[in-house]
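The values are calculated or read from the model by the stated rules, or taken from the named source; none is laboratory data. It should be emphasised that the depicted structure is a prediction, and the values quoted were computed from it without experimental measurement. Cβ coordinates were reconstructed from backbone atoms using ideal geometry, including for glycine residues, and neighbour counts include every protein chain displayed. Keep in mind that these areas ignore ligands, DNA and RNA; they rest on the heavy atoms of the full protein, side chains included. Shrake-Rupley method; radii C 1.70, N 1.55, O 1.52, S 1.80 Å.
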Amino acid sequence: MKVKVLGHQLSLYVVEGEGPLTGLFLHAVGGTSKMWAYQMRHLKSFGRMISVDIPGFSGDKMPAGISSLSQYVELMTGVLDEFGVEQAVWVGNSLGGRISLETAAKHPERVAGLGLLCTAGVWLGEQREKMPTEAPKEEFDKAVFYQPEKFSMVVTDAGKRQSLESRRRYELLADQTEDMNFRDRLHEIDVPTHVIWGRHDGVIQVEVGEYIANHIAGAKLLVLEEAAHIPQVEQPHAVNADLDELFQAVRERR
């Protein structure tokens, strides 16, 4: 389905559910809303599950008027407004996790829980680690997937170009975004939080995930040995089980 938020036409993938919760799923740079389909169907007993094609990062053109990554917070909360939802469980991978973290920091009233998978938005050194935009495809594939040969056969040339263009767009917007590192605001987060990381993530190192889990009160960390940057694709059953626990914790807290 499509909704219009702040003048932007957004594409959504929605799984209707039976429970009272809402899950909002946000993909990584170069991904799509359908990357969460397996998790969303698994979790539908908790309520409605919504996934968004993040505009400019899912194969479409960069929308006019987007000049900062922080603007995506308002777009995603606007999606919830379209459904009349005040709070959701935000589940984000990489870029999607970054949007979720910023929302939790700036609009905590909109966040009932957090699922952070290899999330951007936190770095531990003095300099932000750059998204690889000039790395050879084989090198980048190894950073993203534990077993890249499993996925290379299903990635089209168009998909490769989309991924590269999305990474370049991310870097351009990152350079224009004022709030990029939420390391010092993690202690403010007070909702059930699960941090999921691939041991072999070559884009954002697992030490970042460990730091996030250690600095959000009560957060749970799951490190998956045979996964890299997109654990919901490489280890879907393990991710489903962990997110099931997260949604259960949110439901018990209500």
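Check off (1) touching a Phe, Trp or Tyr at 6+ places or on another chain (Cβ under 9 Å); (2) of a type in the set (Phe, Trp, Tyr); (3) modelled with pLDDT of 95 or more for PHE83 and give me the number that stays unchecked.
Every listed condition holds for PHE83 apart from (1).
If you check every pair at least six apart or on different chains, which have Cβ atoms under 7 Å apart with a residue in the stretch 237-254 that is closer than 20 Å to LEU224 by Cα first and a residue that is open to solvent by less than 40 Å² (accessible area, probe 1.4 Å) and in a helix (DSSP H, G or I) second?
VAL239/GLN39; VAL239/PRO231; VAL239/GLN232; ASN240/GLN39; LEU243/GLN39; PHE247/PHE46
If you check LYS130, LYS150, which single one turns out to be open to solvent by 60 Å² or more (accessible area, probe 1.4 Å), at pLDDT below 90 and over 18 Å from the mean Cα position of the chain (by Cα)?
Only one candidate qualifies: LYS150.
What number of residues in the stretch 153-209 are aliphatic (A, V, I, L, M), under 18 Å from PRO231 (Cβ atoms) and modelled with pLDDT of 90 or more?
6
Given the criteria exposed (fewer than 14 other Cβ atoms within 10 Å of the Cβ), out of contact with any strand residue (DSSP E or B) (no Cβ under 7 Å at 6 or more places or on another chain) and of a type in the set (D, E, K, R), does LYS2 qualify?
The answer is no for LYS2.
Which residues, taken from the stretch 243-254, are of a type outside the set (A, V, I, L, M), out of contact with any helix residue (DSSP H, G or I) (no Cβ under 6 Å at 6 or more places or on another chain) and either outside any helix (DSSP H, G or I) or buried (at least 22 other Cβ atoms within 10 Å of the Cβ) (or both)?
The one that is of a type outside the set (A, V, I, L, M), out of contact with any helix residue (DSSP H, G or I) (no Cβ under 6 Å at 6 or more places or on another chain) and either outside any helix (DSSP H, G or I) or buried (at least 22 other Cβ atoms within 10 Å of the Cβ) (or both): ARG254.
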